[in-house]
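The values are calculated or read from the model by the stated rules, or taken from the named source; none is laboratory data. This structure is a prediction, so every number in the text was calculated from the model and none was measured. For neighbour counting, all protein chains shown are included, and Cβ atoms are generated from backbone atoms with ideal geometry for every residue, glycine included. Side chains are part of the model used for accessible areas, which takes the heavy atoms of the whole protein and leaves out ligands, DNA and RNA. Shrake-Rupley method; radii C 1.70, N 1.55, O 1.52, S 1.80 Å.
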Amino acid sequence: MKLMTGNSNLPLARDVASYLDIPLTQASVRRFADEEVFVEVHENVRGEDVFVLQSTGYPANDNLMELLICIDALKRASARRITAVIPYFGYARQDRKSGSRTPISAKLVANLITVAGADRVLSVDLHAGQIQGFFDIPTDNLFGAPVMAADIEARYGDRNLMVVSPDVGGVVRARALAKRLNNAPLAIVDKRRERAGESEVMNIIGDVEGRFCILIDDIVDSAGTLCNAAAALKEAGAAGVIAYCTHGVLSGGAVARVEGSALSELIITDSIGQHDVIKGADRIRLLTIAPLLGEAIKRIADESSVSSLFD
């Protein structure tokens, strides 16, 4: 088994390699003067089971090209099996036609990864479960809920907890976390805009008064929805509000927005290399998924069950 990485998230790749107790495969992933990506593998991978770890977050297109060219280089070097380990699968939000004459980019990216030569895909908290069906190769979708639940139990287990979905579409995710927290009660934030140009109205479905609320989502991008939901929960009488999100995209002024919000803490995983972005932020904390990824990689290499990780 070998573990190779692009440039998107080197700290996570090193942590996974440390968990597996193997060195990262020696390779050069660099740019020509015109920004073309060039990959060269510096060790023999013939007949090896190779895992390529690369998130496709910002800059999404550069990181995606790195992944594709790494896969192609390994395929041409006669690797026995190539698994694309994509902690954050970019373009996942484009998983359906949102209007007339719009693309389904998640399917296109799945096709690109397959055609490049990947034999298997391993990802974490895909934005929509049906994206697994976009791939014509085996796909494992890991869940961040066990990691989050363990952290919540350790830090907030003595509170009067309530799990909250920031929108109706995230109820299944919130219910799964609530089940892990000894069947904690569940609430939903229903947001709607009555007329164009008017601000959103936040309706809370569930009694949150006196509860310590945990907002749960897969992606935090601009953080507007989370911060508005946190304010609505506080107005409804919540004792405190924190948020757990798997993928911290944190674009634009998201960090400043969180720092000035009703959220007492935002916890994101290291699925995206955002260490510099959150440096100095008092309310944003990083939670590692390296052991989760490392254990899944080990089980795939050993041909044992990955789903039993979540039993």
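Summary table
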{"read-out": "Set Ser8, Ser18, Ser98: member being outside any helix (DSSP H, G or I), within 24 Å of Asp140 (Cβ to Cβ) and open to solvent by 10 Å² or more (accessible area, probe 1.4 Å)", "value": "Ser8"}
{"read-out": "Region 214-229, subset under 13 Å from Ile267 (Cα atoms) and in contact with a helix residue (DSSP H, G or I) (Cβ under 7 Å, 6 or more places away or on another chain), residue surrounded by the most Cβ atoms within 10 Å (Cβ to Cβ)", "value": "Ala223"}
{"read-out": "The listed residue being at pLDDT 95 or above and open to solvent by 40 Å² or more (accessible area, probe 1.4 Å), out of Arg180, Arg211", "value": "Arg211"}
{"read-out": "Selected residue [at pLDDT below 95 and under 30 Å from Ile242 (Cα atoms)] from Gly133, Gly144", "value": "Gly144"}
{"read-out": "Wholly within region 103-209, helices (runs of 4 or more DSSP H) carrying at least 1 residues that are under 21 Å from Thr269 (Cα atoms)", "value": "145-156, 171-180"}
{"read-out": "Residue count for region 260-311, restricted to those that are under 20 Å from Asn63 (Cα atoms) and either among the aromatic types (Phe, Trp, Tyr) or not in a loop (DSSP other than H, G, I, E, B) (or both)", "value": "3"}
{"read-out": "Some residue of region 232-243 being open to solvent by less than 40 Å² (accessible area, probe 1.4 Å), among the aliphatic types (A, V, I, L, M) and assigned to a helix (DSSP H, G or I)", "value": "yes"}
{"read-out": "Residues of region 216-242 that turn out to be among the aliphatic types (A, V, I, L, M) and over 24 Å from Gln94 (Cα atoms), as a count", "value": "9"}
{"read-out": "Pick from region 60-83, criterion within 19 Å of the chain's Cα centre (by Cα) and open to solvent by less than 50 Å² (accessible area, probe 1.4 Å), ranking: nearest to Lys2 (Cα to Cα)", "value": "Thr83"}
{"read-out": "Residue in region 21-44 that is least open to solvent (accessible area, probe 1.4 Å), counting only those that are in a loop (DSSP other than H, G, I, E, B) and of a type in the set (A, V, I, L, M, F, W, C)", "value": "Ile22"}
{"read-out": "Filter pass, Ala110 being open to solvent by less than 10 Å² (accessible area, probe 1.4 Å) and either over 19 Å from Met1 (Cα atoms) or over 22 Å from the mean Cα position of the chain (by Cα) (or both)", "value": "yes"}
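Residue by residue, here is whether (1) open to solvent by 60 Å² or more (accessible area, probe 1.4 Å); (2) in contact with a Leu (Cβ under 6 Å, 6 or more places away or on another chain) holds:
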site	(1), (2)
Ala116	no, yes
Asp125	no, no
Ala128	no, no
Asp140	no, yes
Met162	no, no
Arg173	yes, no
